[in-house]
Structures are given as C-alpha cells and as structure tokens.
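S.K.: Have a look at the structure that comes next, please.
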Amino acid sequence: MADVDFYLSDEQRELQRALREFTAKEIAPIASQCDAEERYPVELFPRLGALGYLGLTFPEEIGGSGGSSLDYAIACEEFAYGSAGIALGIYVHVALACSALAAFGSEDLKRRWLPSALCGESIGAWAFAEAGAGSDASAIATRAVADGNDWVLNGSKLYITNAPIADFLVVVASTAPEQRLKGLSLFLVEHDRPGFRVAGSLSKLGVRASEMAELVFDDCRIPRENLIGRENRGFLDALRTLALGRIASAAFAIGVARAALEATLVHARERVQFGQPIGSLQAVRFGIADMAMQLEAARLLCHRAAVAADRGLPHGREANMAKLYATEACTRITERALHYHGATGFMSESPIQRFYRDCKVFEFGEGSSELQREMIARELGL
Ligand SMILES: Cc1cc2nc3c(=O)[nH]c(=O)nc-3n(C[C@H](O)[C@H](O)[C@H](O)COP(=O)(O)OP(=O)(O)OC[C@H]3O[C@@H](n4cnc5c(N)ncnc54)[C@H](O)[C@@H]3O)c2cc1C
C-alpha cells in the first residue's frame, strides 16, 4: 500500500516498527491462550517497562520518554492488534492509574509509586464503576470519611480491570455525598490495606485476557496523604484523566479491526468455493473494500484528534468523533470478518471469533456511543 501516513515523523515510524515487532513476538503468540484461560500475562509488564513503552507519554523527569498523544495512539493500535485484552490491561495501568497519579498525586505518592509502576514492577488499576454507577458518576456510593490522620473507605466497586493483579488502585469515592459530582475525590489504595479485598474474579464475553474483579472496602483505612489531588475535585480530575481514553479506545478498535481485515484478506484469497477464491466474488470484494475504507477513516479521525491534542488545540469533538466512529466501525468490520470466514472463523481456536467478541466493550466503555453523540451535538451548538 502507498505510504499514506505522511504525517508520521521518522521517530514515529520507528516506534511503530518496533511495537509491531514486539507485538508479533510477545503478544500475538499468547493472545488466544490467555483469552481461553482468562489470564493476564503479568510477566509482560517488566518487559514493556524496560523498553520504555509504559512510560511513553510521561515526562522524562519522572521516568517517562516524553512521547506525544499520537505516539500513544500508535502504541494502542499495535498492542490491540496483538490482543485487545492484553492492551486493555496495559491501558488501565498506564493511562488511568499512572496518569492520574502523575497528574494529580503529591510528590511523595509519585516518588513512592511511579518509578516502579513505569518499570512494570508494580501494576495499577482504576476503580470508578460501581453496581449503581456506570455512565452516571454522580451515583457513586463508595464513601471516604476523614478520621484523624486517615481516610476510612466503605463501599464496593464493580468491573475493575487489573484488580486481581494490581499492587495499587486509584479509587474514586464520595467525600461529600450531598454535592454529588462535586463531592468526589481520588485515593490511592495499596492492595494489602486491611479492610480492602478483591472479591472474586469476573468472567467476560470479550477482552478475556484482561482480568477483572469486584472490590470491597470495609472500614478500609488509608493515610490522609493517599488523597490524589484536591478533595472534592475528583470528578474533574477523573475527566481529565479519561480525556486521552477516547483516543486510546479509538486506537484499540483500529488495532482489532486491522487484525480482522488482514485475516479476511488472507482467507478471501485462500478459500475456494464454486471453483474460485471467495475474494473474486463481487459481493465479498465490495464488503472487504468497505471494511478497508472504514478502517482508514477511523485511523484518520483518531490520529487527527491525537495531533490536535499534541498541538494544544481544542480536541474534545475530534476525540468524541474518533471514539464513536472507530468503535462502531470495528464492530461492523469484525462482524463482516466473521461472516466471510464462515464456520472456520466461528471455531473457538480461530482468532476471528475473538476479534468479534473483543470489540463490543469499546462501544460502551469510556463513554457509550450515545454519550459521544450527545457531546458532539452539544459541541455543534445544539
Ligand atoms: C471489559 C470491561 C472492563 C472495565 N474496566 C473498568 C475499570 O477498569 N474501571 C472501572 O471503573 N470500570 C470499568 N468497567 C466498567 C465501565 O466503566 C462501564 O461498563 C461503563 O462506565 C458503562 O457503564 P455500565 O456498563 O454500567 O452501563 P450503563 O451506564 O448502565 O449504560 C448502559 C447503556 O445505557 C445507555 N445509556 C446510559 N446512559 C445514557 C445516556 N445518558 N444517554 C443515552 N443512553 C445512555 C447506553 O446505551 C449504554 O450503553 C469495565 C467494563 C467492562 C465491560
């Protein structure tokens, strides 16, 4: 294919090449097995850390490599190309737990946790969702009450990625319930704090290589210094932490869709029915052409949002559009990939059925399609 990624610098092309090599060697070969066993390959973390991939977007003075949002989008696509589940575990650690800590944590918290986290020696999780609070953060019921030199946490969290393997968790809790969204705060909770427990792993339809669990806080005491950022500013800080998440969600979808498209091209050439490769049948050719076009459009939207972020330009609408378009396109592309593979793609050992299962979460996670449409309409002045 012609070199249409003209906007990538030489360094970004080199980063992309190195990530492709890493993914092909370290992620893709274990993706199906981790999916089947619902197991996260924690041994990847120190290797990702040693290569600088965990610190990609963090400033150099705190152990990162000072990379851009576009660098990050490139990395997310490559990891998800190998395994969306493994990519999700990396994302939660880097873009949610470590980012919140780096942006809003005290110097002491950063010094204690970031060096090991960016080396992959400790793993983070992001605990926002609850049984009654998914899209609606104002319903968060986990309480944090100041008591002497401590905060005391009570409540529970649901659907928390990395919880079974995490050393530390960034927890969103209510410090002023009557103020709803304006009464939320962020806390760092170490996994071995008395009163905190990971209550059983949860089994899922997709992204099964990532591990997920429910959390329980039962009079869990943490020191006052474990507050991240300012009291009652947690919602705004969480929103800022999640800002890059929409670009990452788009890039994940693009990675999965690319894997599905590439596999479909191979299959369309190899699978012979009625005396000809199915790729010579016009109905199939048209469908695959549409898959490729949607993938390219998704990547352009995603990279445009990332470049706008890197240039300090407003990029809210761009990120919403990228997330919305890429995640819905990925669902369509993986559905077509499964369709053109027929029975062979439907078998458990085929990666095609994994792509089909993996992509759905990106449509409703990090702000559902409806919320993205709502925000785009608002930005258009409606
Ligand atoms: C694989 C996976 C990993 C996850 N990892 C984490 C994690 O690490 N940390 C964490 O905190 N959470 C995590 N979550 C939870 C995730 O954040 C929630 O799934 C997400 O916030 C959506 O909430 P919900 O699933 O409760 O859906 P709901 O909020 O109940 O929404 C369900 C549907 O209702 C509709 N809807 C909701 N609100 C509106 C609206 N305002 N307008 C129109 N329609 C609307 C949409 O169709 C939406 O898809 C994870 C979830 C999954 C599946």
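S.K.: Assess whether L56 counts as being in a helix (DSSP H, G or I) and surrounded by 13 or more Cβ atoms within 10 Å (Cβ to Cβ).
M.R.: Answer is no for this residue.
S.K.: Do you know which of the residues in segment 327-382 that are among the β-branched types (V, I, T) and more than 10 Å from the ligand (Cβ to nearest atom) is nearest to P277 (Cα to Cα)?
M.R.: Ranking the qualifying residues of segment 327-382, first place goes to T344.
Conditions (1) modelled with pLDDT under 95; (2) closer than 22 Å to S83 by Cα; (3) of a type outside the set (A, V, I, L, M, F, W, C); (4) under 20 Å from the mean Cα position of the chain (by Cα), marked per residue:
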position	(1), (2), (3), (4)
R299	no, yes, yes, yes
G345	no, yes, yes, no
I352	no, yes, no, no
S369	no, no, yes, yes
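S.K.: Being near the ligand (Cβ under 9 Å from one of its atoms) and of a type in the set (S, T, Y) is the filter; apply it to segment 155-165 and report the residue that is farthest from R39 (Cα to Cα).
M.R.: Y159
S.K.: Would you point out which residue out of A322, A298, A305 is at negative phi, crowded, with 24+ Cβ neighbours inside 10 Å, in contact with a Cys (Cβ under 6 Å, 6 or more places away or on another chain) and of a type in the set (A, V, I, L, M, F, W, C)?
M.R.: A322
S.K.: If you take the residues in segment 166-182 that are in contact with a His (Cβ under 9 Å, 6 or more places away or on another chain) and either more than 10 Å from the ligand (Cβ to nearest atom) or not small (G, A, S) (or both), which one is farthest from F45 (Cα to Cα)?
M.R.: For segment 166-182, the residue satisfying everything is L169.
S.K.: Which numbered condition trips up E270, out of (1) exposed (fewer than 14 other Cβ atoms within 10 Å of the Cβ); (2) of a type outside the set (A, V, I, L, M); (3) on the phi > 0 side of the Ramachandran plot?
M.R.: Result: E270 fails condition (3) only.
S.K.: Would you point out the residue of segment 76-113, among those that are hydroxyl-bearing (S, T, Y) and within 16 Å of the ligand (Cβ to nearest atom), that is surrounded by the most Cβ atoms within 10 Å (Cβ to Cβ)?
M.R.: Filtering first and then ranking leaves S83.
S.K.: Residues being crowded, with 16+ Cβ neighbours inside 10 Å and assigned to a loop (DSSP other than H, G, I, E, B): count how many of those fall in segment 128-149.
M.R.: Residues that pass the stated criteria total 4.
S.K.: Between a first residue in segment 189-215 that is outside the structural domain of C359 (by TED's automatic domain parsing) and a second residue that is at pLDDT below 95 and surrounded by fewer than 16 Cβ atoms within 10 Å (Cβ to Cβ), which pairs have beta carbons less than 7 Å apart while being 6 or more apart in sequence or on different chains?
M.R.: Going by the 7 Å Cβ cut-off, the qualifying pairs are E211/S201; M212/S201; A213/A199; A213/G200; A213/S201; E214/A199; E214/G200; L215/A199.
S.K.: Another one. Here is a check on your reading of the model: is D147 away from the ligand (no atom under 13 Å from the Cβ) and touching a residue at least 24 places away in the same chain (Cβ under 8 Å)?
M.R.: Yes.
S.K.: Please report, ordered by residue number, the strands (runs of 3 or more DSSP E) entirely within segment 159-217 with at least 3 residues that are closer than 20 Å to A103 by Cα.
M.R.: Qualifying strands (runs of 3 or more DSSP E): 168-174, 184-190.
S.K.: Restricting the first residue to segment 125-138 and requiring it to be within 6 Å of the ligand (Cβ to nearest atom), which pairs with a second residue that is basic (K, R) meet a Cβ separation below 6 Å and a spacing of at least six or different chains?
M.R.: A127/K157
S.K.: Take the conditions among the hydrophobic types (A, V, I, L, M, F, W, C), over 17 Å from E77 (Cα atoms) and outside any helix (DSSP H, G or I) and apply them to L371. Does it pass?
M.R.: Answer is no for this residue.
S.K.: Cβ contacts < 8 Å: first residue assigned by TED's automatic domain parsing to the domain that holds A319 and among the basic types (K, R), restricted to segment 361-382; second residue more than 9 Å from the ligand (Cβ to nearest atom) and assigned to a helix (DSSP H, G or I), any location; separation 6+ or different chain. Result?
M.R.: Pairs found: R373/L324.
S.K.: Still on this structure, please answer the following. Among (1) outside the structural domain of R208 (by TED's automatic domain parsing); (2) away from the ligand (no atom under 13 Å from the Cβ); (3) surrounded by fewer than 24 Cβ atoms within 10 Å (Cβ to Cβ), where does V152 come up short?
M.R.: Result: V152 fails condition (1) only.
S.K.: Could you go through segment 187-199 and let me know if any residue there is surrounded by 15 or more Cβ atoms within 10 Å (Cβ to Cβ), within 13 Å of the ligand (Cβ to nearest atom) and more than 15 Å from N162 (Cα to Cα).
M.R.: no
Residue-by-condition table, conditions (1) modelled with pLDDT of 95 or more; (2) small (G, A, S); (3) assigned by TED's automatic domain parsing to the domain that holds T331:
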| position | (1), (2), (3) |
| --- | --- |
| Y40 | yes, no, no |
| S65 | no, yes, no |
| S83 | yes, yes, no |
| A95 | no, yes, no |
| A102 | no, yes, no |
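The values are calculated or read from the model by the stated rules, or taken from the named source; none is laboratory data. Keep in mind it's a predicted model, so treat the numbers as computed, not measured. Note that we place each Cβ from the backbone using ideal geometry, even for glycine, and neighbour counts take in every protein chain shown.
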